[in-house]
Protein chains: 2
Amino acid sequence: MGRLLLLAFLMFGAATPVPPALRAFSSLHLSNSFSSRPAVAMKYSIHYIQQKVDHFGFNTDKTFKQRYLIADTHWRKDGGSILFYTGNEGDIIWFCNNTGFMWDVAEELKAMLVFAEHRYYGESLPFGAHSFKDSRHLNFLTSEQALADFAELIRHLKRKIPGTENQPVIALGGSYGGMLAAWFRMKYPHMVVGALASSAPIWHFENLVPCGVFMKTVTKDFRESGPNCSETIRRSWDAINRLARKGTGLHWLSEALHLCTPLTNSQDVQRLKDWISETWVNLAMVDYPYESDFLQPLPAWPIKVVCQYLKNPNVSDSLLVQNIFQALNVYYNYSGQARCLNISETATSSLGALGWSYQACTEMVMPFCSNGIDDMFEPNSWDLKEFSDDCFRQWGVRPRPYWITTVYGGKNISSHTNIIFSNGELDPWSGGGVTKNVTDTLVAIVIPKGAHHLDLRANTAFDPTTVLLARSLEVRYMKHGLHNWSRALTAFHKRESHFLCFSESRDFSWF
Amino acid sequence: MGRLLLLAFLMFGAATPVPPALRAFSSLHLSNSFSSRPAVAMKYSIHYIQQKVDHFGFNTDKTFKQRYLIADTHWRKDGGSILFYTGNEGDIIWFCNNTGFMWDVAEELKAMLVFAEHRYYGESLPFGAHSFKDSRHLNFLTSEQALADFAELIRHLKRKIPGTENQPVIALGGSYGGMLAAWFRMKYPHMVVGALASSAPIWHFENLVPCGVFMKTVTKDFRESGPNCSETIRRSWDAINRLARKGTGLHWLSEALHLCTPLTNSQDVQRLKDWISETWVNLAMVDYPYESDFLQPLPAWPIKVVCQYLKNPNVSDSLLVQNIFQALNVYYNYSGQARCLNISETATSSLGALGWSYQACTEMVMPFCSNGIDDMFEPNSWDLKEFSDDCFRQWGVRPRPYWITTVYGGKNISSHTNIIFSNGELDPWSGGGVTKNVTDTLVAIVIPKGAHHLDLRANTAFDPTTVLLARSLEVRYMKHGLHNWSRALTAFHKRESHFLCFSESRDFSWF
C-alpha cells in the first residue's frame, strides 16, 4: 500500500480503534472517564433495528441489525426533544462515551439521546464476518446508505415510542460523524430541525481547499507549543534518512526508537516515517487541555509535553532521533507500560480502520499533501492516480473524487438551513471545515485552543473559556431551533390554508 | 396480473407510449404539432453522456449512454440561464416535443433548453436490450439514480460548455417528471436555483391523501362535461356484467364494442372493464381545450365530445353499451382509421410501460381506490398485500410503500425553497399534488379548466385565460429567481467574510 493511501485512511479510521474493554461491554452503566468533574451517569439501553442492506435498490431484500443506544433519563414527553448522534466510523458505544456534551445538555433540552451506529462498524455489520470480504460485500458501505439508515431509524422511533411522534430531532456528530450530521440535515431536513456538525471537514474534497492545509495546521500546533518544536521535527526526517543509509543504521534506529520489530529495509524506513508523521497528526487532533484517553492515554496539552523533548534542532542526527523517541513515548507510553513501540499499530486491521480505508477509497477522497516549507513534513504531493491504483489493489474499487461534492454540494450549500459548524483552531481538520458563516442559518463557530471536536466532549474544570462559550452558543442555537420548531408546528395546525389562484397582489419572496 | 397493479402502472406508464414515428426520428427539426398557432421551430441537437450505472455503490464501474437534447437558439452567455427538463418515463424526444412552454419562454429567459432522458427509457438503457431482463438488471431503475444522473449531467455541461459555468439552472418537469423536478431541487439545491413541478403528485403516497381522490376527480370531470355523463358510466359496469352473464353475452359484447379479439371468459370481461376505466382516466388527463395528440389524436375538450354519447343512463343494457362504444370510439378512433378496438393496447409492452410498471412495484407505490359512490367506477379497495404479491410475481421484487415519503419528506417539506407546484383542476393527479402554498417559496398554482400539465404545453389561441395566467406567473417566479440568483452571486463575490467567534450580539434568525 502506498504512502498516500496510508495517510488518507489514517486520518479518521485508525484514529478510532475501539479499546477491547469497551468492545466487550454490554451493560447499562458507563461513567465518564474524567476524574476532574462529577461524572454524569451515562445510562443507556442497547437496541437493534432491522435495516435494508440496500436502501437504493430492490434486487436484494436482505436486512441486517443496526445497533443504537437510547438514554432517556432526562427525556420529557411534554416539550421534550431528541438529540440524535449520527454515528461514524467506529463502535457506537465508544462514541457515546466520548460525546459528553450530549449528556451534559440532555436535562436542559428535556432530550432523549439516541446514538446510531454506522453500518459496517461496531456490531452493525451487514454481512457479519463477511462484511469486508470483497467489494461485493462492501458495496453498501456509503454515506448515502448510512444517512438512509438514520432516516429509517428516526421513523421507527417515532412510530415505536409514544410521545416522540411530534418531537423535534437535532442531529449531532463529530468528525466524519459531523459531516453526516450536516449532510443529514441537508438531505433529510424533514427528519431533523437542525444539526450540530463538529469538526466536520465537509470541504476537504476535490480542490475546495488547498491539499496542504491539514499538515500546515498540524505544524502550527507544534510551532506554537514549544520553541523550535516544529523545526526539530522538520529536521528529523533527513536525520532518519542519513542514519538509515549507514551500515548499521537500521539496527541503530530500531534500538534507539525501541521498535518492537526491527527495521530491515528502506520500505520499513518509509513506514517508520509515516508512522511518526501520523503520531504528530494524531497529537494535533487530541491536543486537549486535560488528561484524556481518546486515541491513547495522554497528559493535558500533550503537544506541549512532546515539545519539551524537541527544543533543539541543532544537534547530531542520533541525538535528534533519541529526542524524537522521547516525544513519541509521550503518545505511545504515557502509562509507562509499553515495552516497545509498534509501527504498524495505527495500521491495525480493526474494523473501524478497515471500513474507513474502504470509504477513503471510494467516496471519502480527501486530498492531502505537504511541502516541507509551509509544514514540518517531508514533501509529498497529492497523486490521485497513485491513490486510485492503491485502492484498486487493496479493494478492487476506484475512488470517485468528485462524487461527494456532486451529491452534497461542495461550497454551494447556502440554500440549506440550520446547521452549526464548529471547529477547533488547533484541529487540523478545521482547514477543510466551515469556519465562516455561510448564511444566517448556516453558522460557523471557531474555538481558539480547541482540538478535534472538543466541544462535543463533556464539560471539565480544565476547559478553556472558548469551548465553554462555544457550547453555550450551541445550546442557545439548539434551544432557539427547538422553540421555533414548536412555534411553527402550532402555527401549522392553526393555519388557514390559502388557495393561491392568481392573487398576484402578494409579495414575491420566492428565491 | 391483478387489477390494482394494472391500474397503478397505467396511470403514467402506458399513458406515454412513444409513437413509432418519433422513435425513428433522429434529426434536428421538429415542428410543433399545433396548427392553431405559429409553430416555434424546435431545433435541438442530440447528445450522450456516459453515466455510472450505479451512483450509489462502487462494486461495478459499468457505464451507459444517457441521451439528452440541447436547444440553444435563444441562449445567451451574458445573463442567460438553463432550463433543465427532468425527463420522466418515456422517450425524451416525445417529452421535448410536448413541452412547448420551455420553447415559448426560452427567448425571454435567454435560456438554453436541456432535455435529459430518464434511465431505462427511450434510448438510455443501462443494459441495452437486457435492461428489463430481471430484477438484477432493473436494480438501478430508481428515482434516486435518475436524480444523480441529472446532477452529473449538469456538472458535465457546466464543465463542457463555456459560458454556462456560473449560469443558474431551473428544473422543469411534468407528471412523474414534475416530481423529479421538485425532488431534484430538494435533494440537489446546489444544482438548480428552483423548480417548476407541473402536475406532480408528490403526495400520492402512503396515506398522505385519500386513495379515492384520483377517481373522484375523473368522475367530476365527466359529471361537469355533460348531463348524466358520469351517471351513465357508473351504470355501465353492471350493464356489462349482466350482459356478460347471458348465453351469447361475450360474443355480443365483443361485437358491440368492435373488439379486435373476442372476449372468451370472465377474466376478459374484467380486463375489458379495466381498459374502459383507464380510457376515462386517460381522457381526464388529456382533456385539453384544443385538438391534441398527446396520448391519442383527440378533439378539443374530448370529454365533452365523449359525453354527447352518454346522456341517458336510463336505457337498456345493450343500448347503454352501444353508447359506451361510441364514447370509446372518440378516444380510440378520432382519426377514423381504426377497424377494431384492442383492449390490451394500453397494456403495451413498450419500454415506457415496462419501466413504469417496475417503478410502480418498487418506489412509486401510489394507492388508488374507488367506491362507486363518490366516483363512477366499480368499488375497488386498495390492497397492498395483493399489490405486493402481483409485483413479486411480475418482477421478483416487493414494493416499499413508505420509502418515497422517508426519502423525500412526505408532507413535511417546508424547509425547502423555490418550488412552483402547478396543478390543473381537471387533472386527476391534482388530488395528490401540492395545491396550496406551503411557504412563501413553495408556492402552488391551481389552474381551473386545466388538465394534466397543460401549463407545460405550448401557447395556443385556444388556451383558457387561466393557463395563460398560470404561465405568466410561472415566468414571473422564474425571472425573479434568476434575478435573485445573479444578485446573490454578485453579493457572494463581494462579501466580506465574517469570522464569527462569540460575537453574540447578532440577531438569531436561525431556524
Looking only at aspartates and glutamates whose Cα falls under 19 Å of B:Lys158's and that sit 8 or more positions away or on another chain, we get A:Glu206, B:Asp72, B:Asp78, B:Glu117, B:Asp149
What lysines sit close enough to A:Lys273 to cross-link, taking a C-alpha to C-alpha distance under 22 Å and skipping anything fewer than 8 places away on the same chain? A:Lys216, A:Lys220, A:Lys246, A:Lys304, A:Lys311
Axis-nearest residue of B (beta carbon) for the B-onto-A rotation, whole Å: B:Phe56, 2
Give me Rg over Rh for the protein assembly as shown, both radii from the alpha carbons and Rh done the Kirkwood way, two decimal places. 1.03
Rounded to the nearest 10 degrees, what's the angle between the helix B:351-360 long axis and the longest principal axis of chain B, both from Cα atoms, 0 to 90? 80
Given the options A:Gly194, A:Val213, A:Ala182, identify the residue whose Cα lies farthest towards the positive end of the charge dipole of the range A:180-231 (+1 on Cβ of Lys, Arg; -1 on Cβ of Asp, Glu). A:Gly194
Across A:Lys52/B:Lys411; A:Lys133/B:Lys133; A:Lys77/B:Lys411; B:Lys110/B:Lys411, pairs whose alpha-carbon gap is larger than 26 Å: A:Lys133/B:Lys133; B:Lys110/B:Lys411
Nothing charged except the Cβ atoms of Lys and Arg (+1) and of Asp and Glu (-1): what's the magnitude of the dipole of chain B about its Cα centre? Round to the nearest 20 debye. 680
Which is farthest toward the positive dipole end of the range B:375-419 among B:Gly410, B:Trp395, B:Asn380, measuring Cα position about the Cα centre, with Cβ charges +1 (Lys, Arg) and -1 (Asp, Glu)? B:Gly410
Straight distance only, please: which aspartates and glutamates reach the Cα of B:Lys436 with their own Cα at less than 14 Å, same-chain residues fewer than 8 apart left out? A:Glu496, B:Glu425
Treating the angle as unsigned and between 0 and 90°, give the value, to the nearest 10°, between the Cα long axis of helix B:317-332 and the longest Cα principal axis of chain B. 30
Between A:Asp374 and B:Lys304, the two model label points (7 Å from Cα along the beta-carbon direction) sit apart by a distance in nm of 7.1
What is the fewest-to-most order of A:Arg223, A:Arg119 by other Cβ atoms lying within 10 Å of their Cβ? A:Arg223, A:Arg119
Here the residues of the range A:179-208 lying in the modelled label zone of A:Lys411, meaning backbone nitrogen under 13 Å from a point 7 Å along Cα-to-Cβ, are A:203-208
Take the Cα of B:Ser344, step 7 Å along the line toward its Cβ, and report every residue of the range B:268-284 whose backbone nitrogen sits under 20 Å from that point. B:268-279
In whole Hz and in residue order, list the ³J(HN,Hα) couplings for the range A:247-260 that follow from phi through the Karplus curve 6.51 cos²θ - 1.76 cosθ + 1.60, θ = phi - 60°; x for Gly and Pro. x, 9, x, 5, 4, 4, 4, 4, 6, 4, 9, 6, 6, 5
If you find the alpha carbon centre of the range A:371-435 and of the range A:229-283, how far apart are they in angstrom? 27
Quick one: angle between helix B:3-12 and the longest Cα principal axis of chain B, in degrees between 0 and 90, rounded to 10, please. 50
State, to one decimal in nm and shortest first, how far the label point of B:Ser335 sits from each corresponding label point in the other identical copies (label point: 7 angstrom along Cα-to-Cβ). 8.3
Let me spell out the model: positive unit charges on the Cβ of Lys and Arg, negative unit charges on the Cβ of Asp and Glu, origin at the Cα centre of the protein assembly as shown. What dipole size does that give, in debye rounded to 20? 60
In what order do B:Tyr120, B:Tyr477 fall by count of nearby beta-carbon atoms within 10 Å, going from fewest to most? B:Tyr477, B:Tyr120
Alpha carbon convex hull of the range B:211-381, projected area averaged over orientations, nm²: 10.0
Between copies, how far does the label point of B:Thr261 sit from its twins, in nm, shortest first, when each point is 7 Å from Cα along Cα→Cβ? 7.0
Give, rounded to the nearest 20 debye, the magnitude of the charge dipole that the range A:171-252 has about its Cα centre when Lys and Arg contribute +1 at Cβ and Asp and Glu contribute -1 at Cβ. 260
Show that you can apply the helix-only estimate: for the protein assembly as shown, add -39,500 (n - 2.57) for every DSSP H stretch of four or more residues, divide by all residues, and state [θ] at 222 nm to the nearest 500. -11500 deg cm²/dmol
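Computed from the coordinates by the stated procedures, all read-outs in this text should not be read as laboratory data. None of the values given here were measured: they were computed from a predicted structure. All Cβ positions, glycine included, derive from the backbone under ideal geometry; neighbour counts span all protein chains shown.
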